[in-house]
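Q: Before I ask anything, here is the structure I am working with.
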Amino acid sequence: MKQPSSKTEEEDKLKWWQLSLLGIAGTIGTGYFLGSGLAISMGGPAVLLAYILAAIGTYVVFDALAQMTAEDPEQGSFRSYAKKAFGNWAGFGSGWVYWFSELLIMGSQLTALSIFSRFWFPAVPMWVFAAGYAVVSLLIVFFGNKGFDRVENILAIIKVAAILMFLVIAAVLLTGWIGGSKFSPKVPLGFKALFPSGGIGLWSAFIFAFYAYGGIEVLGIMSYRLKKPEEAPKAGKVMLLGLATVYVLSIGLAVIMVPLRAFNPKESPFVLALSSDHLTFVPHLFNGVLIIAGFSTMTASLYAITSMMITLSQEGDAPKVFSKKWKDKYPFFALCLIAGGLGGAIMMSLWLPGKVYEYITTAAGLMILYNWSFILLSSRKLLKPSLLNGVKRWLGLVLIATAVAGTLFHALSRPGLYISLLIVSLIALSDWIVQHNHNKNGGSVKDHSTDEQSNEYHSLPGGPEFRIKGIRMRKNKV
């Protein structure tokens with residue numbers, strides 16, 4: 001029996017280029033399809049520079065995580081490294097920051113799906129669509145749809161195909177082979193055209209460029225599945241080069257084809273760019289693809305935070321009730337907590353229908369960057385000192401700090417900063433209480449990293465039902 005199992009495990013190992021492709025297909029989500037419009041409206045065409053700088057910062061984070069994985073493969077990835085570097089408090093903080101970032105990402109995706117749906121039904125309130133998508137997603141995870149992992153792979157292909165379709169049709173419209181474009185193409189030239197809001201506008205848009213790369217830490221989690229873990233940095237380089245190329249090409253075409261005044265948080269810039277009297281069906285087709293792709297990434301995020309909640313509960317960093325399963329199968333209690341969080345996002349859609357996407361997306365992007373800072377600081381403790389790593393680490397921290405600070409200077413992103421700081425403050429307070437109680441009782445948080453039971457759920461917890469799905473699901477974030 002052991003030989004087939006060993007053979008199966010070997011077959012499940014990934015080559016570096018497979019990991020790159022998974023990362024490209026999985027990272028692209030609503031943060032790109034809709035969030036890029038928000039970035040363009042705030043920063044202008046020069047936002048392309050922000051996407052290039054964000055790619056550099058993202059690579060630095062992935063490179064640090066990949067190096068730690070190559071030296072000491074841990075299925076708990078960044079959370080395990082934070083605990084090793086700084087102690088139990090860091091493992092607690094990193095895990096909860098990641099959990100809340102995923103919850104906010106889900107809220108952002110729910111809002112984006114509602115916006116896409118209103119393309120066809122503008123009279124329907126956003127909260128109605130948000131509630132509907134949330135219920136369907138919760139039911140899928142609750143009943144553990146065994147076929148969803150296969151469907152997810154198909155949907156990832158659809159997302160990549162949609163981008164290629166956009167590039168081809170945009171090129172056809174620009175060359176004049178098909179007329180009837182809604183807008184007259186124009187290449188922005190000159191400082192005022194490239195920086196319509198000045199440097200402050202570009203600075204404020206930086207967070208949304210970073211948000212489009214969100215999920216890179218999950219690629220680090222999957223790095224332990226490589227046949228050669230030392231090839232993880234190569235996989236990250238190729239993946240981020242591919243993502244940066246796709247983002248710059250597609251957004252570059254969008255800013256040429258659509259005037260700046262037309263970009264808005266209510267419509268995908270790519271749907272706007274494909275508007276043509278002779279291709280009236282194309283925006284509808286593309287919008288349908290965006291809904292399918294967005295729903296897949298949202299449900300994937302739900303799998304991820306359900307798994308993370310079970311891990312936190314099993315390791316003593318969350319109430320034990322959240323690791324219990326109804327009828328030993330259904331993660332009812334964990335999903336109830338998550339449903340409450342989603343309910344908050346739905347209520348925001350009801351109270352703030354015009355601003356909710358900007359607020360939640362900003363907060364989600366900031367929570368991602370806080371977790372990335374944990375990764376870089378952990379690498380300083382765990383990796384052998386070197387000048388190159390030190391320079392890259394500081395470069396990454398400076399870029400992250402720049403993106404975080406930029407949210408202070410725009411009315412749309414500032415509330416998201418306050419939301420993220422409030423969440424981090426609550427996590428820090430909870431962390432202090434947990435660690436204080438353990439120290440007071442003369443104990444410490446139980447470390448399951450070497451426990452046989454933990455090996456079943458440590459990277460993607462939740463037992464056999466969620467473990468394999470979690471690996472596949474968590475690759476899709478934004």
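Q: Could you check how much of the accessible area of segment 253-373 is carbon and sulfur, as a whole percent, using a 1.4 Å probe? Please list the in-between numbers first.
A: Working: 2710 of 4020 Å².
Result for segment 253-373: 67 percent of the exposed heavy-atom area is carbon or sulfur.
Q: Whole number in Å², please: accessible area per residue of segment 162-300, 1.4 Å probe, ligands, DNA and RNA not counted. Kindly include the intermediate steps, with their values, before the conclusion.
A: Working: 5450 Å² over 139 residues.
Dividing the accessible area of segment 162-300 by its residue count gives 39 Å².
Q: Once phi is turned into θ = phi - 60°, what whole-Hz ³J(HN,Hα) does the Karplus curve with 6.51, -1.76 and 1.60 give for every residue of segment 376-381, x standing for Gly and Pro?
A: Values, residue by residue: 5, 5, 5, 5, 5, 7 Hz.
Q: At most 11 other Cβ atoms within 10 Å and a DSSP loop assignment: could you name the GluC sites (Glu not before Pro) in segment 192-296 that fit? Show your work: numbers first, answer last.
A: On the way: sites: E217, E230, E231, E267; in loops: E267.
Counting only loop positions with at most 11 other Cβ atoms within 10 Å, none of the GluC sites (Glu not before Pro) in segment 192-296 qualifies.
Q: Note down, for segment 323-428, the three equivalent ellipsoid semi-axes (square root of 5 times each alpha carbon gyration tensor eigenvalue), biggest first, whole angstrom.
A: Values: eigenvalues 201, 115, 16 Å².
Semi-axis lengths for segment 323-428 are 32, 24, 9 Å.
Q: If you don't mind, there's one more thing I want to ask. Based on the Kirkwood radius over alpha-carbon pairs, what is the Stokes-Einstein translational diffusion coefficient of segment 259-409 at 37 °C with 0.692 mPa s viscosity, in µm²/s? Provide the component values of the computation, followed by the final result.
A: Working: Rh = 19.6 Å.
Approximately 168 µm²/s, per Stokes-Einstein.
Q: Need one number: nm distance between label points at L422 and Y330, each 7 Å from Cα along Cα→Cβ, rounded to one decimal.
A: Modelled inter-label distance: 3.2 nm.
Q: Amide H to amide H under 5 Å from L226: which residues, 5+ apart in sequence or cross-chain, H placed 1.01 Å off N in plane?
A: Amide H neighbours of L226, under 5 Å, 5+ apart: L14.
Q: If amide hydrogens are placed 1.01 Å from N in the peptide plane, which non-local residues have theirs closer than 5 Å to the one on S276?
A: Under 5 Å from the amide H of S276 lie the amide H atoms of K182, each far enough along the sequence or on another chain.
Q: Expressed as a whole percentage, what fraction of the accessible surface of segment 68-144 belongs to carbon and sulfur atoms when a 1.4 Å probe is rolled over the protein heavy atoms?
A: Values: 1870 of 2530 Å².
The value for segment 68-144 is 74 percent carbon and sulfur by accessible area.
Q: Quick one: of K325/K381; K159/K325; K186/K237; K192/K237; K159/K234; K13/K324, which pairs are farther than 27 Å apart, Cα to Cα?
A: The answer is K325/K381; K159/K325; K186/K237; K192/K237; K13/K324.
The values are calculated or read from the model by the stated rules, or taken from the named source; none is laboratory data. Nothing here was measured: the structure is a model prediction, and the numbers come from that model. For neighbour counting, all protein chains shown are included, and Cβ atoms are generated from backbone atoms with ideal geometry for every residue, glycine included. Just so you know, the surface numbers come from the protein's heavy atoms only, side chains and all, with ligands and any DNA or RNA stripped out. Shrake-Rupley method; radii C 1.70, N 1.55, O 1.52, S 1.80 Å.
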